[in-house]
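First up is the structure itself, then whatever we jot down about it.
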Amino acid sequence: MTDVPHKDAVYYERLYQTHADPWSYAEAAEQAKYRITLAAARRWQPCPQRVLEVACSLGYLTHQLAGYAPDVYAFDVSETAVAQTRERCRSLATTTHFDIRIGDAIEPDYPEAYFDVIFLEDVLREITEEATVRARILRNTLRLLRPGGILILTDYQQPGHQAGYVEEAEAQGARIVEKLYFHDRYWFRLRGFLKALRRTALAKALLRSDTVYRALTRLGASKGPEGSKHFGLILRTLS
């Protein structure tokens with residue numbers, strides 16, 4: 001933890017300046033997470049007008065939103081991350097308009113009830129361990145949803161913490177319409193085992209292999225909710 005109750009812009013700017021891919025986006029599990037959450041968004045909101053991604057990082061999800069909505073908004077606290085996301089989306093052949101800016105997840109600067117879909121993926125527990133700060137982020141994000149809109153919320157956590165995660169969401173006036181299980185328990189075991197070897201060609205190939213990922217998630221699925229380290233919720237506001 002830092003000396004403040006949440007990681008700030010200085011922390012993330014330094015992170016992106018010193019690491020080309022701090023979240024291992026090239027790995028199969030990360031790519032699958034975006035496929036799963038985008039498919040869920042399409043189920044619940046097939047034709048949104050405006051979509052927001054909170055803390056967009058390097059834009060690996062952002063650019064996949066092209067064609068999903070006419071207007072896609074995204075922000076991150078890091079100038080370096082925002083610049084790379086803009087560059088990633090600039091070359092797309094799409095009619096989708098991208099608005100990518102610098103912003104703070106704790107106090108997002110958009111009108112209330114403005115978005116049909118909001119993605120808040122792996123943000124809450126990355127930014128802070130303080131429940132009061134997480135509640136503030138979630139509350140301020142939910143106020144941006146229009147009536148009938150959805151918020152897709154995911155985080156990496158132990159299965160035993162999932163019930164508390166649900167309680168945190170419901171405490172902010174949200175209704176859970178679907179729970180998302182990624183069945184990646186054994187994938188992360190493999191990742192931990194390969195940690196010391198991750199820079200080798202073999203380790204990179206294994207971690208980027210969709211075949212390996214799918215085999216391990218089938219094993220995870222056999223454990224039910226206990227087979228998931230990533231956990232997600234699809235939320236609607238009660239009002």
Open item on the list: Here are the criteria: (1) modelled with pLDDT under 95; (2) surrounded by 13 or more Cβ atoms within 10 Å (Cβ to Cβ); (3) of a type outside the set (Ser, Thr, Tyr); (4) in contact with a strand residue (DSSP E or B) (Cβ under 8 Å, 6 or more places away or on another chain). Tell me which single one LEU180 does not satisfy.
Closed with: (1)
Open item on the list: Show me the strands (runs of 3 or more DSSP E) found entirely inside the range 74-157 where at least 2 residues are within 15 Å of GLU168 (Cα to Cα) and at pLDDT 95 or above.
Closed with: 145-156
TODO: Would you point out which residue out of THR217, THR237, THR154 is surrounded by 14 or more Cβ atoms within 10 Å (Cβ to Cβ), under 20 Å from the mean Cα position of the chain (by Cα), over 30 Å from GLU112 (Cα atoms) and among the β-branched types (Val, Ile, Thr)?
DONE: THR217
Task: Criterion: more than 14 Å from VAL54 (Cβ to Cβ) and under 17 Å from the mean Cα position of the chain (by Cα) - qualifying residue of ASP116, ASP104, ASP122 - done: ASP116
Open item on the list: If I filter the range 38-47 for residues that are within 20 Å of GLU126 (Cα to Cα), modelled with pLDDT of 95 or more and touching a strand residue (DSSP E or B) at 6+ places or on another chain (Cβ under 8 Å), do I get at least one hit?
Closed with: no
- [ ] Only one of these is within 18 Å of GLY148 (Cα to Cα) and buried (at least 23 other Cβ atoms within 10 Å of the Cβ): LEU58, LEU52, LEU65, LEU38. Name it.
- [x] LEU52
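The values are calculated or read from the model by the stated rules, or taken from the named source; none is laboratory data. These numbers were taken from a predicted model, which means no experiment stands behind them. Note that we place each Cβ from the backbone using ideal geometry, even for glycine, and neighbour counts take in every protein chain shown.
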